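Asker: Okay, here's the structure, questions in a sec.
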């Protein structure tokens, strides 16, 4: 059999290397084949044919950040749940299913509190004023 | 052989991109260099046989923290993040001239040598074990540790995350201008 | 232990003759096998990606009672080659206001994130490049590079359309990662392992042995995963980051020629990967009904079964695209956070309770009484 | 080449670079980048010791929780940065002189 030092890391690295190779190969092919007639007008950012006004790197609404914030907390919680979930069945077979279930559920219940809080406070609404006005109309 | 190559490339990526974080003045580029550096650290974890920690590193940092930082950069004034008055390595000139750097460097060197001298005794008495090439699966062991030995840390971390979520949501919530 | 395609092949005799050819250098032989098979998989996936664009047009034409591409080659089959050549011979334009380094880097990130997922995709019992024991978790993690790539593509162009598309795309991709991850967590819980070998090994060839019909919660989880995966790959009806009618072309508005081609290729391969994951997590993967032998011809049958399931799902994805209208941004976020995520958490809790209550048995085993 | 010492040296370099980033930058987000580098150096040390010295997985658990705490810290820190920017219209660290308002 194969020594374990050749375990799954090698294909992962090879695939990443292939992506890089394909990227540079494609660039090289396009350098060889593509025409090169640069002009100032061609390389202006597209703004429906008008002269671009200002830079696009301007400020954005905070709600993007709030979405990212909720995401990262849930992401980390799911990361912590993965090893416990993968031995859950094993624990159940060992007769410790109840114990595992209590641990797992108490962990998830905190997660649910988080999403319930954000829901209650309206962080999950994308456009607050719009939705509240809709509710008023329907009332 | 392959593992050594992986180690060398990951170490290069880690250190090189960390230097990039230090040297570049554009904050967006800094974030991307940080991504490269953290990816290198993930590779180093993989060479240490810590497959679960490596993938966690990729998942939390690459998918989460870096995106959050990119968002934060965008939310705090777009392009206006190029800092002024820096010399080599991105250090601001207010931090000192060549004399401060050379004296500080000397002191640091002396301290480093002293520390190595001190630590080498400990290192020799607890000689590292000879490590074979085997990389056993860590996932189920980590799972067992999380539900047995470290169950308190596991549960409390969820409370910590809840606190972080609530606190950060309160701070960052858009509010009306007075 | 991680099983790989090399360790699978090494149980046959021809491996030893190959090893003798390589002067007993295990590393070189393993590298050669990996490299050749990787090239084969990448070639196959690129072809599937190219055929995806063709199938997309043909199926949309079919649904709208048109003919679709029929000029290049028989039935227009060579359309994808024509597209590829066209991509390569287009001029590469970069906006002069762009952030040059990040503009180069963005397609590479997308491409790397998608290609790296191919390493753990289980094409058959032996033909899985690396059956990592963190398999599915690794796949979820590494595909989040695509989100960074999309954001950077939008940012670096310094065009307003791109910037809007990039912000939307990044927030959409990260949001929908949560229900997808939690659904996968439910399957991990049922199968008791994260590697694809374990997950597929716990299912059988016939539908009642699949995880989708394991219990009511996993049935729901399949749909949560499906919707979330559609959104993660920016497919319609969740194609807000590249909505033509609102944002011109979204985050790749400023990309031309080959660089645009990389974005498109990454997207189509990602759809294929997502379908493959759905097939192997919920629909039994490569399992052949009624046969438990492990010989080389069986591998070919398993490969065919896996590809059939995956391509059928691919067809469904295209079908959905031409059937449903696009969502609005606030609806998009509401679907993710107010419907999918709570349902996914509910499924996870349900699966956990089911596992403890019925000792991990599926519905079919409970009704017909089967071994554990 | 692969030994405990080389991992420790990489971790040391990472830590020092993170420290310099933290000390030298005036931009709050850049300071958070430095903190991430420092935390990663610590996590790398834990895993390296876990493989070469103690031979059990407690080090992995430690670095797992380091990553968790780092994510929480980044979330809260960046939220404070954004709030600070909304009040002061800048993210220069020297402007942060008041505890209230």
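Asker: Check residue B:121 against each of (1) modelled with pLDDT of 80 or more; (2) not in a loop (DSSP other than H, G, I, E, B) and name the one condition it does not meet.
Answerer: Only one criterion in (1) modelled with pLDDT of 80 or more; (2) not in a loop (DSSP other than H, G, I, E, B) is unmet by residue B:121, namely (1).
Asker: Within the range C:219-228, identify whether any single residue is touching a strand residue (DSSP E or B) at 6+ places or on another chain (Cβ under 6 Å) and surrounded by fewer than 24 Cβ atoms within 10 Å (Cβ to Cβ), and answer yes or no.
Answerer: no
Asker: If you scan the range C:323-356, which residues turn out to be more than 9 Å from chain A (Cβ to nearest Cβ) and without any contact (Cβ under 8 Å) to a residue 40 or more places away in the chain?
Answerer: Scanning the range C:323-356 gives a single hit, C:339.
Asker: Shifting gears a bit: Kindly provide the set of residues from the range B:54-105 that are over 26 Å from residue D:86 (Cβ atoms), modelled with pLDDT of 75 or more, in contact with a helix residue (DSSP H, G or I) (Cβ under 9 Å, 6 or more places away or on another chain) and more than 10 Å from chain C (Cβ to nearest Cβ), ordered by number.
Answerer: B:101
Asker: Are any residues in the range C:309-341 more than 22 Å from the chain's Cα centre (by Cα) and either at pLDDT 90 or above or not in a helix (DSSP H, G or I) (or both), and if so, which ones?
Answerer: Of everything in the range C:309-341, those that are more than 22 Å from the chain's Cα centre (by Cα) and either at pLDDT 90 or above or not in a helix (DSSP H, G or I) (or both) turn out to be C:325, C:327, C:328.
Asker: One residue is enough: does the range C:144-157 have a residue meeting the conditions surrounded by fewer than 24 Cβ atoms within 10 Å (Cβ to Cβ), at pLDDT below 85 and outside any loop (DSSP other than H, G, I, E, B)?
Answerer: no
Asker: Count, please, the residues in the range C:218-251 that happen to be at pLDDT below 75 and farther than 21 Å from residue C:167 by Cα.
Answerer: 0
Asker: Would the range C:188-198 turn up any residue that is more than 7 Å from every other protein chain (Cβ to nearest Cβ), within 28 Å of residue C:147 (Cα to Cα), part of a helix (DSSP H, G or I) and touching a residue at least 40 places away in the same chain (Cβ under 8 Å)?
Answerer: Checked against the condition, which is being more than 7 Å from every other protein chain (Cβ to nearest Cβ), within 28 Å of residue C:147 (Cα to Cα), part of a helix (DSSP H, G or I) and touching a residue at least 40 places away in the same chain (Cβ under 8 Å), the range C:188-198 yields at least one hit.
Asker: Separate question: Please go through the range C:260-270 and give me each residue that is within 8 Å of chain A (Cβ to nearest Cβ) and either surrounded by 24 or more Cβ atoms within 10 Å (Cβ to Cβ) or within 16 Å of residue C:154 (Cβ to Cβ) (or both), ordered by number.
Answerer: Matches in the range C:260-270: C:262 only.
Asker: Among the numbered conditions (1) surrounded by 24 or more Cβ atoms within 10 Å (Cβ to Cβ); (2) facing chain C (nearest Cβ under 8 Å); (3) more than 28 Å from residue C:98 (Cβ to Cβ), tell me where residue B:1 comes up short.
Answerer: All conditions pass for residue B:1, except number (1).
Asker: A follow-up question, please. Cβ-Cβ under 8 Å, sequence separation 6+ or interchain: first residue in the range A:1-25 and at the interface with chain C (Cβ under 7 Å from one of its Cβ atoms), partner surrounded by fewer than 20 Cβ atoms within 10 Å (Cβ to Cβ) and modelled with pLDDT under 65. Which pairs?
Answerer: A:3/B:133; A:4/B:133; A:4/B:134; A:4/C:1; A:7/C:1
Asker: Scan the range B:4-47 for residues that are touching a strand residue (DSSP E or B) at 6+ places or on another chain (Cβ under 8 Å) and facing chain D (nearest Cβ under 7 Å) and jot them down.
Answerer: Listed by number, the list holds a single entry, B:27.
Asker: Any chance the range A:48-63 includes a residue that's assigned to a helix (DSSP H, G or I), farther than 30 Å from residue B:154 by Cβ, modelled with pLDDT under 85 and facing chain C (nearest Cβ under 9 Å)?
Answerer: Yes, some residue in the range A:48-63 is assigned to a helix (DSSP H, G or I), farther than 30 Å from residue B:154 by Cβ, modelled with pLDDT under 85 and facing chain C (nearest Cβ under 9 Å).
The values are calculated or read from the model by the stated rules, or taken from the named source; none is laboratory data. Just so you know, these numbers come straight off a predicted model, no measurement behind them. Cβ atoms come from the backbone with ideal geometry, glycine included; neighbour counts cover every protein chain shown.
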